């Protein structure tokens, strides 16, 4: 009998684990993924300290007016993997939010093609975290985009 995912309903639930523990619970299916992952059609596939990978496939609903994959799709999956990579470095009681990120699209992802977005934390301090990311095709290994981010590290109140 499989156990249904835990719905993280409060800041207190999230802050009760280290960032790495939280991401590992998400990978194991014990914590619900962020709702944006369903809308954008991607899922978590790997977690280790300082590294997180998501796989996704852009669909018809992710096209821009010209019919290509919208730049926001690239940005969303990259923001997710880079921020989550920073999160894996945070101690219990800490959280993060994106301060800024930059995306460089190197080629267009064909609709329906599965890609992997990998984030790697380069720094996670008391007040900021820095991470880089890239999107590569799962089958072809080609580089489709690179990115970098700066995150604000916070210690929110538990109330």
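Readers should treat all values here as calculations from the given coordinates under stated rules, not as data from a laboratory. If you're wondering where the values come from, they're calculated on a predicted model, not measured in any experiment. For neighbour counting, all protein chains shown are included, and Cβ atoms are generated from backbone atoms with ideal geometry for every residue, glycine included.
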Computed label-point distance, nm, for sites residue 143 and residue 70 using a 7 Å Cα→Cβ extension: 2.7
Run the quick spin-label model on residue 60 and residue 28: label points 7 Å from Cα toward the beta carbon, then report their separation in nm to one decimal. 3.9
Report the extension gain between residue 154 and residue 106 in nm, rounded to one decimal, defined as 0.36 nm multiplied by the number of residues separating them, less their alpha carbon distance. 14.0 nm
Proxy reagent accessibility, fewest Cβ within 10 Å first, across 126, 136, 43: 126, 43, 136
Here segment 1-138 gives, from Cα atoms, an Rg and Dmax in Å of 15.2, 46
Ranked on Cβ counts within 10 Å of their own Cβ, fewest leading, 140, 79 go 140, 79
Return one number: the angle in degrees, 0 to 90 and rounded to the nearest 10, between the long axis of the Cα atoms of helix 19-28 and the longest principal axis of the Cα atoms of the chain. 60
Please work out the Cα center distance from segment 20-45 to segment 93-159, rounded to the nearest Å. 15
Could you tell me how many degrees, from 0 to 90 and to the nearest 10, lie between the Cα long axis of helix 71-87 and the main elongation axis, the longest principal axis, of the Cα atoms of the chain? 30
